[in-house]
Structure formats: C-alpha cells, structure tokens
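Engineer: Here it is, the structure, as structure tokens.
The values are calculated or read from the model by the stated rules, or taken from the named source; none is laboratory data. Every value quoted in this text rests on a predicted model; they were computed, and no experiment measured them. Quick reminder, even Gly has a Cβ in these numbers, built from the backbone with ideal geometry, and neighbours come from all protein chains shown. What goes into the accessible areas is simple: the full protein's heavy atoms, side chains included, and nothing from ligands, DNA or RNA. Shrake-Rupley method; radii C 1.70, N 1.55, O 1.52, S 1.80 Å.
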Amino acid sequence: MPKTPEKLDIPALHGLRALMVFMVAYYHIWQQSWLPQYGRVLGQWINGDYIVRTGYLFVDGMLLLSGFLLFLPYARQMMERTPVPDTRRFFLNRAARILPSYLFCVLVMLALVALPQGMYASWQEGAADVLAHLTFTFPFFYQTNLQTPLNSALWTVAVEVQFYLLFPFLARRAQRWPAVTLMLMALAGLLWRGGAAVWAEDTSLLVNQMPAFLDVYALGMAGAMVYVRLRLWLAQADRLSRTALSLLAAGLVALGIWGVLATLGMQCEQGLKGYEELRLGQLLWRLPFAAAVLCATLGLALMPRRAQWLMGNRLARFASAISYNFYIWHQVLAVQMREAWFADVSALHSDIGLQWAYTVLSISVSILVAAAVTYGLEQPLSRRIKAIIPKGGHLA
C-alpha cells in the first residue's frame with residue numbers, strides 16, 4: 001500500500017464550487033442594489049429574478065459538495081484500499097485551510113469596523129461576540145449570530161468547523177456501516193428541521209444550525225461512494241460502456257439543473273409570502289435542492305476529462321482557489337461600499353446605472369480582496385501550518 005496515494009482531482013468540481021459561491025455572493029450584493037434580474041436577450045424575454053432571490057440556497061449546495069469531497073478519500077479507502085489521514089492530521093489540515101482567513105477577517109472587522117463605529121453597546125457585549133467567534137459557537141446565540149458586526153456570512157464557516165469535529169468519527173462509522181450511518185445522519189437532519197418547523201415560533205436561529213445540515217452532508221458522503229464505485233467500474237469498462245456512462249453523466253447534469261431551477265422557483269414563491277414562510281421553505285426544500293445539486297455534481301464528475309474543461313480550466317481553478325475568501329469578504333465589502341459611496345438608497349434602488357455600477361464595483365473589489373488574502377495570507381500560512389504535520393499519510 002503506498003504511503004501517499006495520488007490526490008484525486010475532479011476538474012469540473014472547481015468550477016462548480018466557484019459557481020455556487022458566486023450565486024450566494026450575488027444574492028447578497030443584489031440585496032443592497034435591487035438590480036433588476038430580467039430583460040430581453042437576443043429578442044427573448046429572460047427572467048432570472050427567482051434565481052437571484054433564492055441564491056442563499058446555494059449554501060446548501062456548498063455544504064453538500066464539502067461532504068462529498070471530505071468523504072472521497074474514505075470512500076477510496078473502502079474500495080481501493082488507499083490510506084486516509086489520521087485524526088490529528090485531518091484536524092491540522094482543516095485548520096490550515098480555515099483558520100488563517102477566518103481569524104484575519106474577525107480581526108479586521110473588529111479593529112476597522114465594529115470598534116471604530118461603536119457597534120457594541122458595552123465592552124462585555126463585544127468580548128462575548130469575539131469569544132463566540134473564536135470558539136465557533138456564535139451561531140448558537142441570537143446576538144452573536146444575527147446581530148454581530150463581525151461579518152454575518154461567517155456562520156457557514158462555523159457550521160463547517162462544527163461538522164469537522166464530528167467528521168472523523170462519522171467517516172469511520174460510515175466505512176463500517178454505510179447505510180446505517182448515513183440514514184441516521186439523514187434522520188437527524190430531517191428531525192431537526194421538522195421539529196423547528198412544527199414547534200418553533202421563530203426559526204431564525206434554528207434553520208442554519210449544523211444539525212439542520214446533517215442529511216445534506218450524508219447525501220454528499222453517499223455521492224462520494226457512488227462516484228468511486230463508478231470510477232472503478234469505468235476503469236475496466238469497454239468503449240461502448242464508457243459512451244453510455246458519458247450519456248448518463250450528461251443526463252444527470254441536465255436533471256440536476258432542472259431540479260435546482262425547479263426548487264429555486266418553489267422556494268421563491270414561498271419566500272414572497274413573508275419572512276417566516278421563507279425560513280419554513282428553507283427547511284422544506286433543503287434536501288430536494290441538495291439532491292438536485294448532487295445529480296449535477298455526479299454528472300460533472302463522471303464526464304470525460306475533456307468535457308470537464310469548461311468547469312475545470314485555469315480560470316475556474318483560480319475562481320475556486322479564491323472562493324473561500326470571496327465568500328468571506330463579499331458581503332461586508334458590499335455593505336461598507338454602499339454606506340460610504342451609495343448612501344442615497346432611494347437613488348440607488350431607482351437608477352439602473354447606479355445599480356450596475358454598484359454591482360460591478362462590489363464584485364470586482366471582492367475578487368481583488370479575495371485574491372490578495374488568498375495568495376498573500378492564506379496560502380503562505382497554510383503551508384506553515386502543514387509543515388508541522390508529520391510526514392506520511394494523505395492530505396484530504
């Protein structure tokens with residue numbers, strides 16, 4: 001058994017990750033500008049309003065993709081007998097990926113936004129917010145989750161970190177008892193959301209807690225098993241079988257896109273009824289949306305490598321590389337720029353020229369900041385953290 005198996009790279013998933021992050025970011029920027037999302041293109045009336053209005057659902061897709069990629073080495077070990085990292089190595093590798101950019105964002109927001117603008121009523125409130133962010137417990141509390149000045153988009157990072165703490169245990173159980181483990185995870189997620197929908201008067205704090213995503217993670221892990229199994233079969237398949245699988249992959253992509261658009265449309269109708277109805281729609285449509293994203297993920301992953309070029313070229317890989325920092329910074333930058341340079345909200349919301357200028361500026365500045373933080377801070381610090389990991393084993 002080799003000590004360090006070749007890391008499995010699926011080109012199209014770079015572009016898929018970047019696309020889903022962009023959809024979430026575009027939703028947050030649109031919330032500030034209200035740029036119309038409909039018009040005529042080549043003589044055809046196009047209405048993308050419902051897609052943008054429900055862009056927040058792509059967070060569920062991001063977490064599904066995370067479950068898929070996290071479990072991929074473990075699925076390979078089940079079927080290919082390749083080694084996986086031990087628990088210590090897994091945690092250090094996750095810390096190298098997550099902490100540099102996250103802690104930098106918290107520090108910058110505290111020093112340059114929260115404190116100078118007097119956003120805390122008392123030093124105790126500020127200390128509690130910072131402590132909750134440093135321990136990734138801030139999603140548990142209303143003040144530190146929904147009212148924090150330290151970047152409200154960071155809740156997704158906290159959900160990921162909380163799942164990381166459970167993942168080595170869940171992964172080992174899934175290797176030994178895959179059906180039972182994944183079904184129990186799915187049941188836990190469904191029960192959490194079902195309980196919130198039935199008994200909670202206010203679902204604001206409950207809809208995006210980590211247990212509410214356990215079925216989404218389980219679906220991603222199941223998808224990793226399916227992909228590895230089909231990949232092994234493909235290696236032994238004849239030309240006709242390969243062609244058939246390519247056609248199946250294209251069909252899965254088409255089915256996934258249809259499912260995503262259909263789910264977004266239904267969630268948009270639900271959300272237009274009111275805030276609480278929007279939250280209830282999230283609880284209801286989370287799993288169907290994740291299933292649609294999984295169809296597209298498997299389809300893209302199973303396509304011939306040449307067919308994956310559109311989602312796996314250099315530009316897509318660059319977008320994927322900076323996507324974490326793009327996600328972290330886009331919302332706070334958009335809000336700060338609107339307050340500083342587009343303070344007349346009524347003018348912004350009624351002047352399409354201003355709306356386009358604000359949207360392009362927000363996206364451009366977010367990309368520049370994300371690239372600077374990724375290559376100037378995250379990757380150098382990540383290499384230093386990984387340097388303390390003992391040699392041997394496989395980096396997930």
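Engineer: Using a Gaussian network model of the chain with C-alpha springs under 10 Å, which one of 372, 171, 357 is most mobile by mean-square fluctuation?
Structural biologist: Maximum fluctuation in the GNM of the chain, among the listed residues, is at 357.
Engineer: In addition: With the other protein chains left in place, how much accessible area per residue, in square angstrom, belongs to segment 177-306 at a 1.4 angstrom probe?
Structural biologist: Value for segment 177-306: 50 Å² per residue.
Engineer: Evaluate the Kirkwood expression for the hydrodynamic radius of segment 1-133, namely the inverse of the mean inverse distance over all pairs of different C-alpha atoms, and round to one decimal in Å. Provide the component values of the computation, followed by the final result.
Structural biologist: Details: mean 1/r = 0.0521 Å⁻¹.
Computed over segment 1-133, the radius equals 19.2 Å.
Engineer: Just by accessible area at a 1.4 angstrom probe, what is the order of 155, 45, 30 from largest to smallest?
Structural biologist: Details: 155 45, 45 145, 30 15 Å².
Per-residue accessible area, sorted high to low, gives 45, 155, 30.
Engineer: Which value, to two decimals, describes the C-alpha radius of gyration of the chain once divided by 2.2 N^0.38 Å? Present the calculation step by step, with values, prior to reporting the outcome.
Structural biologist: Numbers: Rg = 21.5 Å, N = 396, 2.2 N^0.38 = 21.4 Å.
Dividing the Cα Rg of the chain by 2.2 N^0.38 Å gives 1.00.
Engineer: In whole percent, and with a 1.4 Å probe on the protein chains, what portion of the accessible area of segment 1-131 is carbon and sulfur?
Structural biologist: On the way: 3790 of 6070 Å².
After summing per-atom areas, the C and S share lands at 62 percent.
Engineer: Dipole of segment 207-331, Cα-centred, from +1 at each Lys and Arg C-beta and -1 at each Asp and Glu C-beta, to the nearest 20 debye?
Structural biologist: Working: 11 positive and 5 negative charges, 133 e Å.
Computed about the Cα centre, the dipole is about 640 debye.
Engineer: Any chance you could check the Cα centroid distance between segment 12-33 and segment 253-292 for me, in angstrom?
Structural biologist: First find each Cα centre; the distance between them is then 16 Å.
Engineer: Just the accessible area for residue 165, please: 1.4 Å probe, Å², rounded to the nearest 10?
Structural biologist: For residue 165, solvent-accessible area is about 120 Å².
Engineer: Quick one: dipole size for segment 294-396, taken about the Cα centre, charges +1 on Lys/Arg Cβ and -1 on Asp/Glu Cβ, in debye to the nearest 20. Walk me through the numbers on the way to the answer.
Structural biologist: Numbers: 9 positive and 4 negative charges, 183 e Å.
For this selection, approximately 880 debye.
Engineer: Moving on to the next point. At a 1.4 Å probe radius, which order do 273, 386 fall into by accessible area, largest first?
Structural biologist: Working: 273 145, 386 85 Å².
My answer, sorted largest first, is 273, 386.
Engineer: Among 379, 282, 209, which one moves the most in a GNM of the chain with springs linking Cα atoms closer than 10 Å?
Structural biologist: Of the options given, 379 has the highest mean-square fluctuation.
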